[in-house]
Amino acid sequence: MKTYSKTYRIIHWSIAIAMLLLLITIFLRSTWLNKYNVAEILESFLNKEETVITHEQAIKLAKSIRKPMWNWHIYLGYLLTGLFAIRFALPVFGEMKFQNPLDKNTTPKDKFKAWTYIIFYICITASLVTGLLIVFGPKSIHHLMEEIHVLSIYYFIAYLVLHYAGVLLAEFKDEKGIISRIISGGKK
C-alpha cells in the first residue's frame, strides 16, 4: 500500500487548490464577468439613469471592474509556477519521484499513468511559460502567447476528468483507500 509523505501531500494539495482557483477565474472571465456582459449591464443601468456612455466606454469600465479578479489569476499563476518549480526539484531530494514509463518492469496501467503525467507536466509548463511571457515578455509575442495560453483550458479540463476518473477507479478497484491516504498520508 502506497503512502504519501507530508511534503508530497502539501505540494499535491497546494497545486490542486491553486489550479482550482485558476479555473474559477477563467470560468468567471468567460461567463458572468465577460467584458461584453458587464458592459451590457452597465449600459442598461446607465441608460435608465439617463446617463449616456458609448459602448467602448462601457467595455473599458467593464474591464476595470473585473481587473481585480483577473489580478488573482496572475498571482495564482505566479504561485503555481513556484509550486511546480518545487515539484520538479523534489525528486532530487528523494521526494515525489517521477515514474519512468519506459521501464520494462512497469505495468501497462502504470505506463499509461506515467505518460499522462508527463504530458500534463509538459502542458502545464507551456501554460506557465506562456503566462509569464504574456506578463513579462516582449509585446511583439504577446498575442501569440495569449492564444497558446487560452488553449490551456482544454488540456486542463481533460486532465481533471482523467485524474478524477482514475482516482475513483483506483479507489473502487485495486487501490482502496487512495483518497484517504492522499489526505492523511497513510500508515507506513
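Could you rank the peptides 95-107, 51-63, 18-30 by their average count of other C-beta atoms within 10 Å per residue, with the highest value first?
In descending order of packing, they fall as 18-30, 51-63, 95-107.
Output wanted: per-residue J couplings in Hz (rounded whole) for the range 111-117, from phi through Karplus 6.51 cos²θ - 1.76 cosθ + 1.60, θ = phi - 60°, x for Gly and Pro.
Rounded to whole hertz, the list is 5, 4, 4, 5, 5, 4, 5.
Put +1 on the Cβ of every Lys and Arg and -1 on every Asp and Glu Cβ in the range 1-97; which of S14, T54, M1 then has its Cα farthest towards the positive end of the dipole?
M1
Only the coordinates and a few stated rules stand behind these numbers; no lab work does. Since the model is a prediction, treat every value here as computed from it, not as a measurement. No Cβ is skipped: glycine too gets one built from the backbone with ideal geometry, and neighbour counts run over all protein chains shown.
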